[in-house]
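What follows is a single structure, written as structure tokens, with notes after it.
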Amino acid sequence: IDLMNFDKEKLKEIDSIKIYDCKRQKSGTEAIIPLNKKAILLFTKYNFEIPKICNQTFNRYIKEIACILEINKKLTSHTGRKTFGMISINKGYSFESLAKMMGHSSTKITQSVYSKVQTDRVLNEFRLFM
């Protein structure tokens, strides 16, 4: 539903960083989503217009792409959201920052969902203190 509610008027710039500032439909909480260079290039290429498609159609497209790429995993928009969260935590984002980006109403929600520590992260942090 957040994709369907996309509004280019909610794109802002703070300290030279482009963000998408919105309220999550599900929780009504503010979400601040920083946009990296690739996202900005895509938005620019398509004049900041995003096709308004429902979640079911979006997920069907993702499944078609996965099939073409021979990815044998169930992919959905929710899978992408969880993957983004895990990658962000593994890159060192705080639970507070991730909660704000995800639009969670509290960091406890974020911690409960993303607190599964991956082996790679444990080993990388261990190497820092060897």
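The values are calculated or read from the model by the stated rules, or taken from the named source; none is laboratory data. Fair warning: this is a prediction, and the values are worked out from it, not measured in the lab. So basically every Cβ, Gly included, is an ideal-geometry build from the backbone, and we count neighbours across all protein chains shown. For accessibility, only protein heavy atoms count, side chains too; no ligands or nucleic acids. Shrake-Rupley method; radii C 1.70, N 1.55, O 1.52, S 1.80 Å.
Counting 0.36 nm for each residue step from Cys54 to Thr107 and taking away their Cα separation leaves a gain of 16.2 nm.
Summary: within the chain, the longest segment free of trypsin sites (Lys or Arg not before Pro) located in DSSP loops with at most 16 other C-beta atoms within 10 Å is 27-51.
Using a probe of 1.4 angstrom and keeping all protein chains present, the accessible surface of the chain works out to 77 square angstrom per residue. At 1.4 Å probe size, with the rest of the protein present, what percent of the exposed accessible area of the chain is carbon and sulfur atoms? C and S atoms contribute 58 percent here.
Among Ser27, Phe58, Ile14, whose Cα projects farthest towards the positive end of the dipole of the stretch 1-58, with charges put on the beta-carbon of Lys, Arg (+1) and Asp, Glu (-1)? After comparing all options, I get Phe58.
The orientation-averaged shadow of the Cα convex hull for the stretch 19-130, equal to a quarter of the hull surface, comes to 9.1 nm². When Leu128, Leu98, Leu75, Leu3 are compared by accessible area at a 1.4 angstrom probe, the order from most to least is Leu128, Leu3, Leu75, Leu98.
Solvent-accessible surface of protein heavy atoms, probed at 1.4 angstrom with all chains present, puts Cys22, Cys54, Cys67 in the order Cys67, Cys54, Cys22, largest first.
Length gained on full extension, Thr79 to Glu9: 22.5 nm, using 0.36 nm per residue less the C-alpha separation.
Across Glu30, Glu13, Glu70, the residue with the most accessible area heads the list, and the full order at a 1.4 Å probe is Glu70, Glu13, Glu30. Extending 7 Å from Cα along the Cβ direction at Arg121 and again at Leu41 yields two label points whose distance is 2.8 nm. Once all protein chains are placed together, Tyr93 keeps about 110 Å² accessible to a 1.4 angstrom probe. Taking a threshold of 31 Å on the Cα-Cα distance, which of the pairs Lys18/Lys91; Lys12/Lys116; Lys12/Lys74 fall above it? Cα-Cα > 31 Å for Lys12/Lys116; Lys12/Lys74; rest within.
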